[in-house]
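Comments concern the structure below.
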Amino acid sequence: MKSTHSIGAISVAATLLMAGAAQAEKLTLYCSAQEDWCQLMARSFEEATGIDVDMTRKSSGETFAQIRAEASNPKGDVWWGGTGDPHLQAAEEGLTAEYISPMRGELHPWAISQAESAGNRTIGIYSGALGYGYNTDLMAANDLPEPSCWKDLLDPIYKGHVQMANPNSSGTAYTTLATIVQLFGEDEGFDFMKGLHANINQYTKSGSAPIKAAARGENTIGIVFMHDAVKQAVAGFPIKVVAPCEGTGYEIGSMSIVEGARNMDEAKAFYDWALSAEAQALALEVDAFQVMSNMAAPSSDLAPDMSALTLIDYDFAKYGSSDERKRLLQKWDEEVSTLPQ
Amino acid sequence: MRKAANEQTTHPVLIFWIIAGWVGYFVLPWYGVEDGFFRLAWLFDGWPVDEDFAPAAFLIAQGEKLWLAPMLLPLIAPLAVIRRRKTDPLFSVVLILSGAIGFAWLIAQGFGIGIRGFNFDWLTALFGDLGDRQFGMGYGALIVASSFLFLLTQGIAARGAINGDVFVVSAIGGVIVIVGTFVFFPIAKMLIFAFIAEDGGYSANVFVSKFFDDRIWGLGCLSGARCGVAWNSFFLAICVATATTTLGLTFALVVTRSGFRYKRAVRALTVLPIITPPFVIGLALILLFGLSGIVTETVSAWFGTQPTRWLYGLPGIMIAQTLAYTPIAFLVLIGVVEGVSPSMEEAAQTLRADKWQTFRTVSLPLMRPGLANAFLLGFIESMADFGNPLVLGGNYDVLSTEIFFAIVGAQYDQGRAAVLAMVLLFFTLSAFYAQRRWLGKKSYTTVTGKGDSGVHPLMPNRLSWPVLTIAGVWGTFTLIVYGMIVYGSFVDLWGVNNTLTFKHYITAFSVGWTEHGLHWSGSAWDSFFTTIFIAATAAPLTAAVGLTTAYLLTRQTFRGKNAFEFGTMLSFAIPGTVIGVSYILAFNVPPIELTGTGIILVVSFIFRNMPVGVRAGIASMSQLDKSLDESSLTLGANSWYTFRKVILPLMRPAILAALVFSFVRAMTAISAVIFLVSAKYDMATSYIIGRVENNDYGLAIAYATTLIFVMLSVVASLQFLIGRTQIGRRTQFMTGR
């Protein structure tokens, strides 16, 4: 009696395990966009395909670090979102895989040129322009004039009111540095950074932290991507977004497949899906105001209109390369960050 | 009786471990199963012949992974002596040899052959290219390793070590191996990383240039620029340790030597730092004193001053850490202040010293060890703190956050992280060493066996007013800060829309009904359940390892006991960020491949919190008279039986305390966790950090408040349970850490 019992139990357990083994389709997604967007992408992909998604959200720098650390034994399959530079660096180091998606025909040219500059190891999924935002209440309380250009920020009246991230730890801030260098030339650009340094109250670690601090009233002006500033304004904070008059640089949020991914088929399925108009339309549900790469994807009225901005011809290949990056960061470290404030 | 037991020729424990070794070698998959440690899908997925899931024996039979073959011999050799007596020299020699050789080979092949064939160039040079590779070890390897270890310890016991006590020798061996694997190995691996140059080679120059970097040791702040992070951390830790010690002493004096009525309430406050998730205090301080904080705005409205960002930087971190760690100093000092013998103070007064003289020349000097202890604890805690500098740091960089950003930032410099971690480790270990060396030697004992029925005199007046004032002010401040935490969780959008709402709790913890039944739709449930699961798994293991170690330390004498003790307590002085960095460096590659699993979180908690279990165990075991064990042993029980039937039941309070404490600490940990969380295993604290980064203070604070109440109820039920399991006259089982 007892033995039949245990045999029964074993077969029940076995069936359960078989059932567990049957639904083996899964995908490990490294996500570097904002948390709720990541969640939504993961859940929607599960609904659309029935593939189980394991999603980790980390900043693009962290994810890049993780993919590099795991290079000899990859754990992730797809890396979605986050500024393009680390994606380009990963492509340069061969950490990500080549793939040409059938969805390419539907994409904006900038997304495809991003892919081509990296040997098709990455692709653009959204783009956003750099700018700054300020807290209108604090501006009024301190009787400060409203800035509209990059060079306005050098005015000593803004001393202690400007915040940007540290380019060493944030992709956003590195894009700022590279933009300024491309806009004004290297020497004048570094003079600009030195002048700005005098007005900076804190170099934050994370890229969007300055505008978040401004939203909470802990800081006045934050140099960030404009869509991040728009998001705070939409959330109800007294933030005004500025597109600098001299023109500005931009990022291309990218996506890559990890080289040697354990679930390569699922990774490609996600890749194609993420480039579709309906997947990109999800951005609006989570107040992500970037311009999406699929030409048919809807955009918000609140989003900064990329065609109305003066955009510089950002050299992603040059300023995304490890060497140039290291050189600029070292120069910034030595010549700017050590100055007294 | 015992002699007779030694003469027996059947060795059930030995047979058990021999068979376990065979099971590990012939039945269980040798390599790690990718789906997860506890998933059994491999049973139906080609096992035992599929290469991914095959046991070692099947691999060899198929001509694969032949380097596993030599282990067969030490697995079989012990059979030869199974009928022999323990006292037979051959018995111990065979066991020691097979255990040691097997274990050594297992480790050597694990490190020698990795994911790209041979791990060392000289091996390739010697044997040529391997043309094969191996991944991380799995169940099979784990069981075989344990089997070798216990064969070895049984052999050592048979030679007569520790009276031939198999249980004690095995326990010592087991603790050494796991502490070695999960504390010393990762730290050593991290040290090696500090020497790796960019091209992958090893170079001392790289280390020197990174170590003597101006960003670490620069003294620019003396001339208006910025100082290196090492000095920042050091200065901060000194300030915080001084402040917490002073305040801790103040509160201890209020509780023991004043007419203050609500002493129990003061004691209750001490539980707060244990149950407060990190950086919550920082958030509350921002809501109070930030540029747009309530206090800042009120003050600027009244006095017309210009609001500033003074909070961000040294002042903010200092206030937050002082709030957080004062109760710890209090816990240490209350025992010491109470321990000062009233008779000595009475003697001084009888000799016509006035109250002030008595306090200054008798009571205070006797409290010195407690003060030093509290100071060093505050120093270590401040150095290791990660959450508060992260939120309030401003431009004041400290080591713990710099380590984090060296690893996760765009700069991604593992070598720099390793060097910074070494500097941090150097500071905390020096403090830890000083605490043990310096305090261990002097005797300040005033509690003797003799009855001491005196009563502590009240504080002298000139001391009592300042002490009561400071305690009152700081106590009120603490309450306001915690009040802010609760209040902040109900505010819609801080600073913009101050209406009260439940919306953050609803977002985080809503529960809905769907056709499948209950649906945990709140965004926080995933990380909440993971946290509870991981903490609940880690707690009993922590208690088991901690109490076993405590038993060995208090009840057994063996060679190298001091080193053993130092090694087991060491992880207390290793900051969480250092553990985090060293774990990802050490356990991301074979032979032990744990990153991305829940196991690595559990393991990190066990070794982070083990010293707490050890201390609780030591405290409680030193109260149990040794004659209890001796009588049990005299009556013929062996030490395992004695441990189980005599000591463990008497230690129930200590066990419970260790359980709850490690559970709660695992729930509030952040510094190590933030490196180790993964998609599947996201912890509450790292989720909260994510919310903070996203400017979602409401949700972050609501989640933290929920955690505080959950942990409060856990601690309260512990009090309730312990209240019922009191043993004899003992009423206090643990007053410090």
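Computed with the Debye formula from one identical point scatterer per Cα of chain A, without solvent, the log10 of I(q)/I(0) at q = 0.08, 0.09, 0.16 Å⁻¹ comes to -0.41, -0.50, -1.36. Computed 3J(HN,Hα) for the range B:71-82, one whole-Hz value per residue from the Karplus formula 6.51 cos²θ - 1.76 cosθ + 1.60 where θ = phi - 60°, is 6, 4, 4, x, 6, 9, 3, x, 4, 4, 10, 5, glycine and proline marked x. Karplus-based coupling profile of the range B:400-405, in residue order and whole Hz: 4, 6, 4, 4, 4, 6, with θ = phi - 60° in 6.51 cos²θ - 1.76 cosθ + 1.60 and x standing for Gly or Pro. Remark on residue A:132: its backbone amide H falls under 5 Å from those of A:224, A:242, a criterion applied only to residues 5 or more positions apart or on other chains, H modelled at 1.01 Å from N. Using alpha-carbon positions, what is the distance between the centroids of the range B:608-663 and the range B:339-409, in Å? Centre-to-centre (Cα) distance: 30 Å.
One decimal place: the segment residue B:76-residue B:627 gains 194.2 nm when fully extended, by the rule 0.36 nm per residue minus the C-alpha distance. For chain A, the per residue solvent-accessible surface stands at 37 Å², with DNA, RNA and ligands left out and a 1.4 Å probe.
Across chain A, the relative contact order, built from alpha-carbon pairs under 8 Å that are at least six residues apart, equals 24 percent.
Ranked from largest to smallest solvent-accessible area, with a 1.4 Å probe on the protein heavy atoms, B:303, B:26 come out as B:303, B:26. Remark on the range B:2-159: ratio of C-alpha radius of gyration to 2.2 N^0.38 Å is 1.15. Taking Cα centre as origin and charging only the Cβ of basic (Lys, Arg, +1) and acidic (Asp, Glu, -1) residues, the dipole magnitude of the protein assembly as shown rounds to 6780 debye.
The residues of the range B:483-503 occluded by other protein chains by 30 Å² or more of accessible area, set against the chain on its own, are B:493, B:496; surface from heavy atoms, 1.4 Å probe. What you get for chain B, charging only the Cβ of Lys and Arg (+1) and of Asp and Glu (-1), is a dipole of about 3180 debye around the Cα centre.
Computed on protein heavy atoms with a 1.4 Å probe, the accessible areas place B:645, A:212, B:355, B:561 in the order B:645, B:355, B:561, A:212, largest first. Between B and A, roughly 4200 Å² of accessible area is buried in total, ligands, DNA and RNA not counted and the probe set to 1.4 Å.
Please report the projected area of chain B's Cα convex hull averaged over all directions, in nm².
Mean projected area for chain B: 39.2 nm², to one decimal.
Write down the accessible area per residue of chain B in Å², having rolled a 1.4 Å probe over the full set of protein chains. Walk me through the intermediate numbers first.
Values: 32290 Å² over 737 residues.
Per residue, chain B has 44 Å² of solvent-accessible surface.
Here the contact order of chain B, divided by its residue count and restricted to Cα pairs under 8 Å and six or more residues apart, works out to 15 percent.
Look at the dipole of the protein assembly as shown built from charges on Cβ: of B:634, B:614, B:295, the Cα furthest out on the positive end belongs to B:634.
Let me make sure I get this right: for the range B:127-273, a, b and c are the square roots of the gyration tensor eigenvalues over alpha carbons, sorted descending. Under 1.5 in a/c it's rounded, otherwise prolate if a/b > b/c, else oblate. Which is it? Verdict is oblate for the range B:127-273. Which entries in B:263/B:503; A:326/B:65; A:205/B:680; B:503/B:680; A:75/B:561 show an alpha-carbon gap greater than 32 Å? Going by Cα-Cα distance, B:263/B:503; A:326/B:65; A:75/B:561 fall outside the 32 Å limit. For residue A:322, the solvent-accessible surface with a 1.4 Å probe is about 30 Å², rounded to the nearest 10.
Taking the Cα centre of chain A as origin and assigning +1 to Lys and Arg Cβ atoms and -1 to Asp and Glu Cβ atoms, the resulting dipole is close to 900 debye. Taking all protein chains together, B:105, A:79 sort by accessible area into B:105, A:79, largest first [probe 1.4 Å]. Dividing the mean sequence gap of close Cα pairs (under 8 Å, 6+ apart) by how many residues the range B:516-724 holds gives a relative contact order of 34 percent.
Each helix, a run of at least 4 DSSP H residues, gives -39500 (n - 2.57); summed and divided by the residues of chain B, these come to -19500 deg cm²/dmol at 222 nm.
Selection among A:270, B:245, B:701 by position relative to the dipole of the protein assembly as shown gives B:245 as farthest towards the positive end (Cβ unit charges, Cα centre). Check the straight Cα-Cα distances from residue A:318 and name the aspartates and glutamates below 16 Å, setting aside those fewer than 8 residues away within the same chain. Residue A:318 reaches A:85, A:92, A:93, A:116, A:186, A:251.
Between residue B:492 and residue A:25, the simple spin-label model (points 7 angstrom out along Cα→Cβ) gives 4.4 nm. Against the empirical curve 2.2 N^0.38 Å, the C-alpha radius of gyration of the protein assembly as shown lands at a ratio of 1.00. If one computes the Cα centroid of the range B:577-603 and of the range A:298-341, what distance in Å separates the two points? When both Cα centres are located, 35 Å separates them. Oblate is the label for the range A:203-341, because the ratio a/c of its alpha-carbon gyration tensor axes (a ≥ b ≥ c) is 1.5 or higher and a/b is not greater than b/c. Taking chain B as a whole, the Cys residues whose C-beta sits 4.7 Å or farther from every other Cys C-beta are B:239. If one computes the Cα centroid of the range A:171-213 and of the range B:664-713, what distance in Å separates the two points? Their Cα centres are 31 Å away from one another. Computed from label points 7 Å out along Cα-Cβ, the spacing between residue B:222 and residue A:46 is 5.8 nm. A quarter of the convex hull surface defined by the alpha-carbon atoms of the range A:201-266 gives 7.3 nm² as the mean projection.
The accessible surface of the protein assembly as shown, taken with every protein chain in place and a 1.4 Å probe, is 62 percent carbon and sulfur.
The values are calculated or read from the model by the stated rules, or taken from the named source; none is laboratory data. Worth saying up front: this structure is predicted, and the values here are computed from it rather than measured. Heads up, the Cβs are rebuilt from the backbone with ideal geometry, glycines too, and the neighbour counts pull from every protein chain shown. Note: accessible area is taken over every heavy atom of the protein model, side chains too, but ligands, DNA and RNA are not part of it. Shrake-Rupley method; radii C 1.70, N 1.55, O 1.52, S 1.80 Å.
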